[in-house]
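Input: a single structure, listed below in C-alpha cells.
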Amino acid sequence: MIPPLAPKFEAALRDVRAQQPRFRGAAAARLGEPPSDRRDEAVQGLLVLARDDIGSVREAAYEALGVLAAIEALDTLLDSFGDQHMGARQAAVLAVGRVAPKEGADAIAALLEDPRPEMRFSAIWTLSYLGPGHTDRIAAGVGDQDEEVRLLAVQCLGELGATNNADAIAGLLEDPSDTVRFSAATSLAALGDTRGAATLRASLGWPERAFPAAIALGDLEDRDSLGALTQLARHRWRSPILRAAAARALVRLGDPAGVDVIRSIVRSWRIEARQYAVQLVGELGLTSLVPDLARAFRRSRKAERPVYEAALEQLEPKSPEAKALLASLRQANQSV
C-alpha cells in the first residue's frame, strides 16, 4: 500500500481522529514538526495518538513527542514502557531520553534489569545518548545474557571513551560470540588499549572486518601487524578503500610504503576511493602529496570539492602549496 503523503499541519490535527490508522500515523509524524507558534496544539494531538489502539500509531506518537522534547508527556511515556507493542515501548524509552534526560535517567537505567532484551537494548542505547556520565550503567550490559545487548554495550563504551570500563570490555575478548569479541577489540583500540590487538590482526583476513581492524591497528600503532598490513595495502585485488585503510596504518607506523599507496589511490578513477584517500592526506598531514591533490582536484567533480577543502585546511599551516591550492579552490567556489 502506498503511504499517504505528509499532511499539512491543519490536516494532521484533523487526522488525529481519522478512521484509517495510516492517516493517524502520518499525522503523528507531521505533528512532530509543528510551526513554532503551534507546538502546544501538536503536543495535545500527539497525546491523543499516544493512546491509539494501533501500536504503530502509538510508536509514531512517542517518537514525535521525543522530537518535541515534550515534558508534558513524561508520565505518559514512562507508563508506555509497558506498551504491548514492542516498537512502541522502545520508542517510548528513546523519547524519555530526549524529553527528560535528567529526570528520566533512573527510570531508563532500571530497564537494564528488565526481562525483555529489547528493553535492555533500548536502555543502553538511550543511556549512551545521554552521554559519558552513564558509562558505568552501560557497562552492566557487558554481562548480559543476550548477544545483541552485549554487543551494543561494548560498542557504546568504546564510542564514549569509557577508559574506566576497559577491564569489563577486555573480558569480552573471550565471549562465545566472535562478533562480540571483535567489537570488544575495536572498542579497546578506540580507548588506546592494546589487549585486543591479536583479535584485530586475525580479523584482517575477514572482508567485512578488515577495514575497522586496519583502522584500529593503525590507531594502536601495532608493530606486530606491520607485515599483514603491508601485504593488505599492496594487494591489487582488494578494495582500494581497504588498501587505503591499511596504508593509513602503515603511515602511523612510520612506514613510507603507506604514503606511496595513498598517492596511488588519490589518483584512482574510483570516486569513493579517491575521496577517502584525499581525507587521509589531510588527516595524516601528508604535505608531500599536495601536488597529487592538485592534479586530482583538476579532474574532480564539483561535488568532491568539500573533501579537498577539508583536507587542504588541515595541510595549510604546514604547506604553502596547500595554502595556495586552498585559495584557488575557494575562488573557484565563489565564481560558481
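When the stretch 179-208 is examined, which residues are found to be of a type in the set (V, I, T) and within 17 Å of A249 (Cβ to Cβ)?
Across the stretch 179-208, the qualifying residues are T186, T194, T199.
Against the definition (assigned by TED's automatic domain parsing to the domain that holds G254 and more than 22 Å from the chain's Cα centre (by Cα)), how does L226 come out, yes or no?
Yes; evaluated as a whole, the condition is true for this residue.
For the stretch 66-87, which residues satisfy the criterion of being within 23 Å of the chain's Cα centre (by Cα) and within 21 Å of Q44 (Cβ to Cβ)?
Correct list: G66, V67, L68, A69.
Do we find that A73 is under 19 Å from A29 (Cα atoms), part of a helix (DSSP H, G or I), in contact with a Ser or Thr (Cβ under 9 Å, 6 or more places away or on another chain) and at pLDDT 95 or above in this structure?
no
Kindly list, by first and then second residue, each pair from a residue in the stretch 164-188 that is aromatic (F, W, Y) to a residue that is in a helix (DSSP H, G or I), limited to pairs with Cβ atoms under 7 Å and residues at least 6 apart or on different chains.
As it stands, the answer is F182/T199; F182/S203, since those pairs meet every condition given.
Are any residues in the stretch 94-114 acidic (D, E) and in a helix (DSSP H, G or I), and if so, which ones?
D106, E113
Could you please find all residues in the stretch 292-318 being surrounded by 19 or more Cβ atoms within 10 Å (Cβ to Cβ) and of a type in the set (A, V, I, L, M)?
L293, A296, V307, A311, L312, L315
Return the total of residues in the stretch 257-284 being assigned to a helix (DSSP H, G or I), over 16 Å from A246 (Cβ atoms) and out of contact with any Lys or Arg (no Cβ under 8 Å at 6 or more places or on another chain).
The total comes to 4.
I'd like to know if the stretch 317-324 contains one or more residues that are touching a residue at least 24 places away in the same chain (Cβ under 8 Å), touching an Asp or Glu at 6+ places or on another chain (Cβ under 7 Å), outside the structural domain of L232 (by TED's automatic domain parsing) and not hydroxyl-bearing (S, T, Y).
Yes, the stretch 317-324 contains a residue that is touching a residue at least 24 places away in the same chain (Cβ under 8 Å), touching an Asp or Glu at 6+ places or on another chain (Cβ under 7 Å), outside the structural domain of L232 (by TED's automatic domain parsing) and not hydroxyl-bearing (S, T, Y).
Keeping to the stretch 266-284, report how many residues are surrounded by fewer than 22 Cβ atoms within 10 Å (Cβ to Cβ), more than 25 Å from the chain's Cα centre (by Cα) and not polar (S, T, N, Q).
Total meeting the criteria: 2.
The values are calculated or read from the model by the stated rules, or taken from the named source; none is laboratory data. Since the structure is predicted, the reported quantities are computational estimates derived from the model, not experimental observations. Reconstructed Cβ throughout: ideal geometry from the backbone, glycine too, with neighbour counts over all protein chains shown.
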